[in-house]
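Reviewing the structure listed below.
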Amino acid sequence: MNKTPLEDWLNARVPGHGDATLTERIDRYQLQRLRETVEYVRGKSPFYRDLFAGVDPVTDLKRFSTLPFTTADDLREQGLRMLCSSQDEIERVVTLQSSGTTGPAKRVFFTAQDLEATVDFFAHGMATLVEPGATVIIFLPGELPDSVGDLLARALVRTKVNPVVSGPVRDQAAARATIMKHPRPCLVGIPTQILALARGDLAGTISKGWVASVLLSTDYVPKAIERELERLWGCRVLTHYGMTETGLGGGVECAAGDGYHLREADLYTEIVDPGTGMPAADGEEGEVVFTTLCRRGMPLVRYRTGDLARLVTSPCPCGTALKRLGRVQGRIGAGISLENGGRIRMPALDEALFPIPGVLDFSAEVRSQGEGDQLNLCFHTVEGGEEEVARNALPALLQGGATGMLFREKELTLGSITFNEGGWPGTGVAKRQIQDHRCG
Ligand SMILES: [Zn+2]
């Protein structure tokens, strides 16, 4: 098994001598960068000047872990006050309007140097999947200069890989035609969109063995979708973790496919107890919090992502000394506490329902029903797949590892199953979560 290419990347990025291990060198480098980052943002941004007023200089990680957090609300409400560069130096602004909310959008600002760091990370991270001469078809937004697809394409050109920027899938036949034009491509895309290509109306028209590999990129990826793509296409499927705030790239799985090796030269990652904000014990699940180490435009210090995951403490089978972030388990607060006890989260539904043949996507809501709670599902299926999906939904929920008990104990009952008629299931970029429509 090939070691993650991020090890070589870090070896080159992190200074130090032969007498220290890579882990020791990374620790030293990160502490130094954290100190510099805190001083930099304090000197440059009114928001951080206020936030860190009276805070002592960072002498060690323990001290660092007592600094106040920053949040998505800060980005929304304090945006420009968090800027550390003049507006002239800003090369790109990414605006994120969360669905269903009004009020100010999140805006994240990047300088040319910040974007270059992302390109550099992509170039090294993609070496996990492709070698020089290969083709990568990018089903992510890539039309605008410095958009994620554009940055990825620039990274691939550097490593002599041929990028084809196709954009999010809007027309399945056109997407298929692009795939068939390039033998043994690597596809990069959004989980439900790539699933629909493999399973939807064009199922079987991309033969097993044609696609060499797939990289799925979002905040979290259902394991069930990975498995189905591997089964249908016979290819390797790896996942990437990142968000706009991490500078798009955050971490990427290695050949072991078991946890993300992190972008440690640019990001310092902590796991904290979401309730108390205290550091989680080694290997315990908690909220992912990161600090940018080299960002100039809008550095983020102890930024709460709202994502739940753990740091994997056991060594990776690929043989690297680098840490791994475990699979993201969904969003904090996105779970629903049920009337009769128990708790349900969207990833649990994903793992139970995506294995059902014909499912392309679904949404879920919980409503009050009599004494308890009821789950209503709205599926997007392959043409003519409605009956099979309706028949299999309850058995799948009863068998699901994280849903079975809730349904067997009647803590949750299955209400209506409806179908989203026709059309393409959308961009799939919205965060997946269960809607809570209970009164009171
Ligand atoms: Zn590994």
(message) At a threshold of 8 angstrom on Cα-Cα distance, excluding pairs fewer than six apart, so keeping six or more, what relative contact order does the range 1-332 reach in percent?
(response) 18 percent
(request) For every helix of n ≥ 4 consecutive DSSP H residues, a contribution of -39,500 (n - 2.57) applies; sum these over the chain, divide by its total residues, and give [θ] at 222 nm rounded to the nearest 500 deg cm²/dmol. (result) -8500 deg cm²/dmol
(request) Let me know the whole percent of all Cα-Cα pairs from the range 70-144 that are separated by more than 15 Å. (result) 69 percent
(message) I need the P(r) histogram for the range 1-332: all alpha carbon pairs, bin width 20 Å from 0 out to the longest distance, whole percents.
(response) 31, 59, 11, 0
(request) Indicate, rounded to the nearest 5 percent, the antiparallel portion of the DSSP beta bridges found entirely in the chain. (result) 60 percent
(request) Collect residues whose amide H, placed 1.01 Å from N in the peptide plane, falls under 5 Å from the amide H of residue 307; neighbours closer than 5 in sequence don't count. (result) 288, 332
(request) Could you work out which residue, out of 218, 178, 403, moves most in a Gaussian network model of the chain, that is, has the largest mean-square fluctuation with Cα springs under 10 Å? (result) 178
(request) Find, among the trypsin sites (Lys or Arg not before Pro) in the range 97-174, those assigned to loop by DSSP (not H, G, I, E, B) with at most 13 other beta-carbon atoms within 10 angstrom. (result) 160, 170
(request) Please label the shape of the range 1-129 as rounded, prolate or oblate, based on the square roots a ≥ b ≥ c of the eigenvalues of the alpha-carbon gyration tensor (a/c under 1.5 means rounded; beyond that, a/b larger than b/c means prolate, else oblate). (result) oblate
(request) At 37 °C and 0.692 mPa s, grab the translational diffusion coefficient of the range 248-301 from Stokes-Einstein with a Kirkwood Rh over Cα pairs, rounded to a whole number in µm² per second. (result) 263 µm²/s
(request) Count neighbours as other Cβ atoms within 10 Å of each site's Cβ, and list the GluC sites (Glu not before Pro) in the range 344-389 that are DSSP loop with at most 10 such neighbours. (result) 371, 383
(message) List the trypsin sites (Lys or Arg not before Pro) within the range 316-413 that DSSP assigns to loop and that have no more than 15 neighbouring Cβ atoms inside 10 Å.
(response) 410
(request) Would you give the gap between the C-alpha center of the range 320-350 and the C-alpha center of the range 209-257, rounded to a whole Å? (result) 18 Å
(request) Report Rg (one decimal) and Dmax (nearest whole number) for the range 336-436, counting Cα atoms only, units Å. (result) 13.1, 38
(request) Determine the sum of side-chain charges near residue 401: Lys and Arg each +1, Asp and Glu each -1, restricted to other residues whose C-beta is under 11 angstrom from that of residue 401. (result) 0
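Coordinate-derived values only; no laboratory data. Note that the structure is a prediction, hence the values are computed from the model and not measured. Neighbour counts are summed over all protein chains in view; Cβ atoms, including those assigned to glycine, are modelled from backbone coordinates with ideal geometry.
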